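Presented below is the structure to which this report refers.
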Amino acid sequence: MLSKVFSGAVQGVDAFPVEIEVNAGGGLPKTVVVGLPDTAVKESVDRVWTALANSGFMPPRGRTTVNLAPADVRKEGPSFDLPIALGVLAATGELPPEALAECCAVGELALSGEVRRVRGVLPITLAARRDGRRGILVPPENAEEAAVVEGVDVHPVPSLRDAFEFLAGRAAIRPLIVDVDAVFAEGSLYEDDFADVKGQEFAKRAIEVAVSGGHNILAIGPPGTGKTMLARRVPSILPPLTLDEALEVTKIHSIAGTLASHQSLVAVRPFRAPHHTISDAGLLGGGAHPMPGEVSLAHRGVLFLDELPEFHRNVLEVLRQPLEDGSVTIARAAASVAFPCRFMLVAAMNPCPCGYHGDRRRACRCTGPQIQRYRNRVSGPLLDRIDIHVEVPAVPYAELASLKRGESSEAVRARVLRARAVQRARFREKPGVHCNANMRARDVHRWCRPDDAAAVHLKMAMQSLHLSARAYDRILKVARTIADLAGAEEIGSNHISEAIQLRALDRDAAY
């Protein structure tokens, strides 16, 4: 007897429908899985047959053929266990075929028949809705994740026996309903706050400017000055995620398997801080079956690279294209997949190998050539994509011992939102340009014209500090953001002065 079950598989950040056909007939006992299954799918035969037996069902005794269509796309992972088992039950007459006509199923089976969580349930649920399915059977731990999709009834099934009883009409499993607005509001709170940071007012101001204009930022300072502490608080002043952005981020984390059990949405801006020993595949994504890397897991959030010069040179160089395009494409012989990766880069480094160059408390042991070689580990093209370089000095004892709390993230975010609103209005007719950091050369010429006094100030700084053309554009972009924060139409001398102060490496190179 032939049966048909619907499921889904992930490709990139989206999913496509998979039709599972099961034919159970006579002949010698044998099970064949076709349709480009990987090893995990082929192994599902043993899991499914054992789960059927332990759930009180009689597995087919003759030849059984399982076809996964479309047959020209590779199928991966254990998520087809549950639909294959249901297809077998329908093919052997245990389930009426019409019970499987309008629903979709996904889940891994334990040998006992328990349904275990899998990756990619959110994009599979979206694909099921797009394909016109009315309901989907999912593992209980994935149910909240799937339930954020409106228009599809999500039924959490703890075991194969429960799924059978539900589809046979012998038991009711009520669809899980998630209040997306309530989850979104409850989950969008940040634990870290800038009010906890003692001192470092200049660095906090630099971060506010960076977030307001969407600029990447590099913090330079001795060990223990609070660079990591500052970086971890950057997401708390970024504009809140919209629901569409949250779904986009949640899809990526669902595919990567980084969602917690029973988590429905990623409602806060991601913060990813990979170790400096990471490979280029770990950073960009890849593998035999391409998976999202750290740059994609940081999508719509912050990618923090601590000890920037310690990263392998080839790893840093592969960052250049994602920073420009906001997406990364991974090509394999069978297929090419694209992962979004529009993030804010926050990097930190010591000023020299020993870490104490310019520190008033401790003497630096490094020679000039050692310092230069250390800084040269970060290439010019990568630095070209970092608009702000800020020095983070040691905090004086008086500020550390003070009981006074700093300005809260909420207050800083309010100013950031006002500056971003100005930029949205400015670039409303410029697709692909959302903030000042995205401006091209023509946009800089149009929107970043300094007034006469500021132009003279900038000319003097260019000549005295021997700044490059690259630094010229970056200073104008940052000055535009500073003017937006101040509510100024034109870029003035004070805006130019502050922007120059936020280019620490350019100033160092002048001496």
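The values are calculated or read from the model by the stated rules, or taken from the named source; none is laboratory data. Remember, predicted model here, so these are calculated numbers, not experimental data. Here the Cβ positions follow ideal geometry from the backbone for every residue, glycine too, while neighbour counts run over all protein chains shown. To get the accessible areas, we keep the full protein, side chains included, count just its heavy atoms, and leave off ligands, DNA and RNA. Shrake-Rupley method; radii C 1.70, N 1.55, O 1.52, S 1.80 Å.
Around V13, with a cut-off of 11 angstrom between Cβ atoms, what is the net charge of the other residues, counting Lys and Arg +1 and Asp and Glu -1? Mind dumping the intermediate values first?
Working: positive: K251; negative: D14, E248.
The answer is -1.
Taking every alpha-carbon pair under 8 Å whose residues sit at least 6 apart, region 383-511 reaches a relative contact order of 34 percent.
Over the chain, what percent of the accessible surface lies on carbon and sulfur atoms, probe 1.4 Å? Don't jump to the answer; show the numbers that get you there.
Values: 11750 of 23040 Å².
C and S atoms contribute 51 percent here.
Under a model in which nothing but the beta-carbon of Lys, Arg (+1) and Asp, Glu (-1) is charged, region 213-307 shows a dipole of about 240 debye around its Cα centre.
Taking packing as the residue-averaged number of other Cβ atoms within 10 angstrom, the listed peptides 359-365, 47-53, 324-330, 269-275 run from highest to lowest as 47-53, 269-275, 324-330, 359-365.
Around F164, under 10 Å between beta carbons, what's the net of Lys plus Arg minus Asp minus Glu among the other residues? Could you put the intermediate results ahead of the total?
Working: positive: R161, R170; negative: E94, D162, E165.
For residues surrounding F164, the net value is -1.
Set the Förster distance to 41 Å, then compute FRET efficiency between A172 and L111 from the Cβ-Cβ distance, nearest 0.05.
Values: r = 27 Å, r/R0 = 0.66.
Efficiency, rounded to the nearest 0.05: 0.90.
With protein chains left intact and a 1.4 Å probe, residues in region 409-504 average 53 Å² of accessible area per residue. Place +1 on the Cβ of every Lys and Arg and -1 on the Cβ of every Asp and Glu in the chain, take the dipole about the Cα centre, and give the residue among V180, Y374, N350 whose Cα lies farthest towards its positive end. Final value for the positive-end residue is Y374. Full extension of the chain between R428 and T242 yields a length gain of 65.2 nm, computed as 0.36 nm times the residue separation minus the alpha carbon distance. With all pairs of different C-alpha atoms in the average, the Kirkwood value for the hydrodynamic radius of region 83-184 is 13.7 Å.
Report the gain in length on full extension from L403 to V32: 0.36 nm times residue separation, minus Cα-Cα distance, nm rounded to one decimal. Before the final figure, lay out each step's value.
Details: separation 371, 0.36 × 371 = 133.56 nm, distance 7.04 nm.
Between L403 and V32, full extension yields 126.5 nm more.
Per residue, the convex hull spanned by the alpha carbons of region 31-80 comes to 68 Å³. Rounded, prolate or oblate: which fits region 275-420 when a ≥ b ≥ c are the square roots of the eigenvalues of the alpha-carbon gyration tensor, with rounded for a/c under 1.5 and prolate only if a/b beats b/c? Oblate. Each Lys and Arg adds +1 at its Cβ and each Asp and Glu adds -1 at its Cβ; summed about the Cα centre, the chain shows a dipole of about 1360 debye. When you restrict to C-alpha pairs under 8 Å that are six or more residues apart and normalise by the size of region 319-448, the relative contact order lands at 13 percent. Calculated accessible area for region 135-258 comes out at 38 Å² per residue, all protein chains present (probe 1.4 Å; ligands, DNA, RNA ignored).
The separation of region 433-510 from region 2-29, counted between C-alpha centres, amounts to 59 Å. Shown for the chain: lysine pairs separated by 8 or more places, or found on different chains, whose C-alpha atoms are under 18 Å apart, numbering 9. Taking other residues whose beta carbon is less than 10 angstrom from the beta carbon of F57, and scoring Lys, Arg as +1 and Asp, Glu as -1, yields 0.
Over the chain, one equal point on each Cα, no solvent: what is log10 I(q)/I(0) by the Debye formula at q = 0.07, 0.08, 0.12, 0.13 Å⁻¹? Debye output, listed in q order: -0.49, -0.61, -1.04, -1.16. Per-residue ellipticity at 222 nm from helix content only, as computed over the chain with -39500 (n - 2.57) for each DSSP H run of at least four residues, stands at -11000 deg cm²/dmol.
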